[in-house]
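Worksheet: the structure to be examined is printed underneath.
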């Protein structure tokens, strides 16, 4: 068999993925990027865009490994991040497995930009992340903001095993504390300058319609009762007790944004816009949350 170059392997993988009608969205949004990620990972080359010798030949053994990964990606519909055991977020590498969601949040852009302009003139020393999963948001926050200390909680013990590995890999055990907790349960009595969360917000109806790739992810991290809003509403109700006077909440609700606005049409949410795409993240400060409290008390869960 003729030896293929890097470029030829990428083109072959991309065509095969398209022919198999794979669904993307777990680190890439198209077959070319996903194929490049697969091939460069096998070859041990950087994913930072520095690769240039696309005409270099690929060894026979590496070709067999590429083909095996491609077959698994197609036959099992398993996201590539799980097959490789890694994902990238905010320019940082994270270990992942089927116990955690694969990082893909637009929070990355917010973190890299210093939460500007919302935190420009506010204290930014302590943060709490709810539903941390693999720990990528908490770790990225601590990585890019060297004076910040972060408490990161998750209800899943299996997810926290992965998060601990990532905290250790990034050398941040002194500034990122991991706790098993049902939302605020384990941080009672503490207050933070920033509260961030990408909680479960997928409704039962949406779960049943997800592509096969998404069904590899833990349902505990995706699905929420009350039309996907159960956890978000709990956060809105309880957050003021855990924020400093000038504290701010940033929360991602993805496709549930429309349902949340319908439920709370007069809530003073500021919906963030992102240069690199994505959405469904709102921000609201403690004073606004306190004003919202009376409305939340009159906002029963849907049957």
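Against the criterion of being over 20 Å from residue 192 (Cβ atoms) and part of a helix (DSSP H, G or I), residue 228 does not qualify.
What residue, of 161, 187, is farther than 20 Å from residue 251 by Cα and at pLDDT 95 or above? Break it down stepwise before answering.
Numbers: 187 fails: farther than 20 Å from residue 251 by Cα.
None of the other options fit; the residue is 161.
Results for (1) in contact (Cβ under 8 Å) with a residue 12 or more places away in the chain; (2) within 16 Å of the chain's Cα centre (by Cα), shown as yes or no for each residue.
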residue: 71; (1), (2): no, no
residue: 84; (1), (2): yes, no
residue: 115; (1), (2): yes, no
residue: 132; (1), (2): yes, yes
residue: 147; (1), (2): yes, no
residue: 161; (1), (2): yes, no
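Restricted to segment 163-181, and to residues that are in contact (Cβ under 8 Å) with a residue 60 or more places away in the chain and surrounded by fewer than 23 Cβ atoms within 10 Å (Cβ to Cβ), which residue is nearest to residue 113 (Cα to Cα)? So that I can check it myself, show each step before the final result.
To start, the set of residues in segment 163-181 that are in contact (Cβ under 8 Å) with a residue 60 or more places away in the chain comprises 163, 165-166, 169-170.
Of the ones still in play, those that are also surrounded by fewer than 23 Cβ atoms within 10 Å (Cβ to Cβ) are 165, 169-170.
Working: 165: 26, 169: 23, 170: 20 Å.
Ranking the qualifying residues of segment 163-181, first place goes to 170.
Return the residues of segment 98-118 that are buried (at least 19 other Cβ atoms within 10 Å of the Cβ) and either on the phi < 0 side of the Ramachandran plot or assigned to a strand (DSSP E or B) (or both); say none if nothing qualifies. Selection gives 99, 100, 101, 102, 103, 104, 105, 106, 107, 108, 110, 111. Of note, residue 68 does not satisfy the criterion of being farther than 25 Å from residue 213 by Cβ and outside any loop (DSSP other than H, G, I, E, B). Between 206, 238, the distinction of being over 20 Å from the mean Cα position of the chain (by Cα) and surrounded by fewer than 23 Cβ atoms within 10 Å (Cβ to Cβ) belongs to 238 only. Annotation note: Cβ proximity below 6 Å between a residue of segment 134-145 that is under 13 Å from residue 109 (Cα atoms) and a residue that is assigned to a helix (DSSP H, G or I) (sequence gap 6+ or interchain) occurs for 137/107; 140/111; 141/111; 144/111. Condition check: within 20 Å of residue 107 (Cα to Cα), outside the structural domain of residue 23 (by TED's automatic domain parsing) and not in a strand (DSSP E or B). Does residue 207 satisfy that? Spelling it out, it is not the case that residue 207 is within 20 Å of residue 107 (Cα to Cα), outside the structural domain of residue 23 (by TED's automatic domain parsing) and not in a strand (DSSP E or B).
Taking the listed residues 248, 232, 202, 253, the one that is within 23 Å of residue 120 (Cα to Cα), in contact with a strand residue (DSSP E or B) (Cβ under 8 Å, 6 or more places away or on another chain) and assigned by TED's automatic domain parsing to the domain that holds residue 142 is 248, with no other qualifying.
With respect to residue 157, determine if the residue is surrounded by 14 or more Cβ atoms within 10 Å (Cβ to Cβ) and in contact with a strand residue (DSSP E or B) (Cβ under 9 Å, 6 or more places away or on another chain).
For residue 157, the condition - surrounded by 14 or more Cβ atoms within 10 Å (Cβ to Cβ) and in contact with a strand residue (DSSP E or B) (Cβ under 9 Å, 6 or more places away or on another chain) - is not met.
Looking at 194, 232, 187, which one is more than 17 Å from the chain's Cα centre (by Cα) and surrounded by 20 or more Cβ atoms within 10 Å (Cβ to Cβ)?
194
The values are calculated or read from the model by the stated rules, or taken from the named source; none is laboratory data. Given the structure is predicted, the values throughout are model-derived calculations rather than measurements. Note that we place each Cβ from the backbone using ideal geometry, even for glycine, and neighbour counts take in every protein chain shown.
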